[in-house]
Amino acid sequence: MAILHKCFGGCGSTSRKQPSTTIEYLCHRFPLSQLRKATDDFDESRKIGEGPYGVVYRACISINGQLKDITVKRLRREAAISSNGFSLYKNDIIFMCQLNHPNLVSLVGFCDDQNEMIVVYEYAPNGSLQQLYGTESKSPIRPWKKRLEISIGLARGLHYLHSGTKHTIIHGNIAPSTILLGENWVPRLNFFGRSLKGPKFSAKDMKPIQLEYVEGPWGYIAPECFRAPKVTYKCDVYSFGVVLLELICGKTLYQISQHKGRHIEAANVIPFTLSVVEEVRDLAGTGNAEGIIDESLEGEIGEECWKLYMDITESCLSEDPNERPHMGEVEVQLERVLQLQEEANSNNASS
């Protein structure tokens with residue numbers, strides 16, 4: 001219990017000790033021996049992913065007499081003893097065990113035996129969005145309608161985080177690698193290690209949270225974070241805008257920059273992103289992919305659908321956070337985009 005005690009309590013204050021009781025009440029604490037057995041002692045054949053802080057394994061485990069497919073995320077030893085890795089582990093558990101939404105990954109439990117730091121969550125059979133931006137497949141992210149459904153699911157999940165709980169929750173790490181795809185390609189936001197609890201939601205009051213520095217994957221960090229390490233939930237909206245752009249291009253922002261022969265530095269990633277938005281918008285009238293959007297989408301996207309989708313994308317990517325929409329508005333607009341696409345499909349079928 002040493003790690004759990006250090007992580008959630010034992011600091012001499014009642015407020016620090018309380019989460020320990022909450023955590024153990026809300027989710028299961030696995031013994032290390034059980035997870036070793038489920039992963040064949042963390043065998044390479046069980047590995048489904050890895051990152052700078054840890055390795056992810058697929059396993060099957062019996063919980064209350066029922067077999068369940070799970071994902072086991074094990075922090076590397078060097079990450080576990082670092083303050084940053086420790087903070088990511090703690091936040092992941094604290095946020096996931098208290099959140100409940102169809103478009104958020106569900107926490108199954110954790111393990112802190114023998115100084116291990118392991119998070120156990122539900123298994124996503126279709127991997128992450130990042131895995132679908134492959135170079136070998138011509139249609140890596142499924143048909144356009146399915147991509148719209150993925151974007152709507154993500155918008156619903158973020159809307160819940162921003163305004164569906166007592167306090168606004170800033171995810172802080174929206175990117176293809178943190179978007180898992182479950183049964184029927186239902187998107188689920190994952191990795192809450194960088195998430196922050198903000199003030200009570202108010203459309204008029206976006207009190208920024210001051211940080212020492214802002215971390216995040218290349219291309220997804222909101223421009224205001226480069227000027228000062230302050231974040232609001234509108235930073236998530238910007239990151240979501242980048243994901244929308246990638247969904248229509250069938251490529252990550254990094255892959256788009258490579259396609260255009262550009263080496264993009266952090267200082268000019270924002271202008272580059274906006275230039276891509278304009279270029280993709282201009283293609284709506286020609287119907288020509290020009291190698292920027294996914295070629296498999298040529299002739300599939302309705303013109304009105306394309307226009308509104310790019311309007312939403314551009315508004316999410318506004319350099320001024322005050323001009324970015326709230327995720328509730330984005331959710332409604334994307335549902336309208338889907339409706340326009342279904343109407344276009346129906347008209348094409350009838351003609």
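The values are calculated or read from the model by the stated rules, or taken from the named source; none is laboratory data. In this text the structure is predicted, and so the values were computed from the model without any measurement. Please note: Cβ atoms are built from the backbone with ideal geometry, for glycine as well, and neighbour counts cover all protein chains shown. Surface accessibility is based on the protein's heavy atoms, side chains included, excluding ligands, DNA and RNA. Shrake-Rupley method; radii C 1.70, N 1.55, O 1.52, S 1.80 Å.
Things to note:
- Scattering profile of segment 33-135 at q = 0.23, 0.24 Å⁻¹ [log10 I(q)/I(0), Debye over alpha-carbon scatterers]: -1.45, -1.52
- Converting phi to 3J(HN,Hα) with the Karplus coefficients 6.51, -1.76 and 1.60 and the offset θ = phi - 60°, segment 44-54 yields 4, 5, 8, 6, 10, x, 7, x, x, 9, x Hz in sequence order, with x at every glycine or proline.
- All Cα-Cα distances of segment 81-187, cut into 10 Å bins from zero to the largest, leave 13, 40, 32, 14, 1 percent in each bin in turn.
- Loop trypsin sites (Lys or Arg not before Pro), segment 78-173 (other Cβ atoms within 10 Å of the site Cβ: 12 or fewer; DSSP): K138, K166
- Hydrodynamic estimate: the Kirkwood radius of segment 146-217 over Cα pairs, inserted into Stokes-Einstein at 20 °C and 1.002 mPa s, corresponds to D of 160 µm²/s.
- Computed over segment 56-111, the P(r) curve from all C-alpha pair distances, binned at 10 Å from the origin, holds 20, 45, 31, 5 percent per bin.
- Between segment 287-351 and segment 85-116, the C-alpha centres lie 34 angstrom from each other.
- Apportionment of accessible area to carbon and sulfur, segment 298-351, percent (1.4 Å): 42 percent
- Dimensionless Rg/Rh of segment 206-351 - Kirkwood Rh, Rg from C-alpha atoms: 1.01
- For segment 38-155, share of DSSP beta bridges that run antiparallel, in % to the nearest 5: 100 percent
- Restricting the calculation to alpha carbons of segment 25-87 gives Rg and Dmax of 12.7, 37 angstrom.
- Filter on K47/K90; K145/K230; K37/K68; K166/K307; K68/K234 - keep pairs with C-alpha separation over 25 Å: K145/K230; K166/K307; K68/K234
- Model label points for N115 and R46, set 7 angstrom from Cα along the Cα-to-Cβ axis, are 2.2 nm apart.
- Aspartates and glutamates with Cα under 16 Å of K260, excluding same-chain neighbours fewer than 8 positions away: E246, E278, E279, E290, D294, E295
- Charge tally around M327: other residues with Cβ under 11 Å, Lys/Arg +1 each, Asp/Glu -1 each, net 0.
- Surface/4 of the Cα convex hull for segment 295-351, nm²: 4.5 nm²
- Computed about the Cα centre, the dipole magnitude for segment 294-341 is approximately 200 debye when only Lys and Arg (+1) and Asp and Glu (-1) carry charge, each at its Cβ.
- Each Lys or Arg adds one and each Asp or Glu subtracts one; over the other residues with Cβ under 14 Å from the Cβ of G153, this totals +2.
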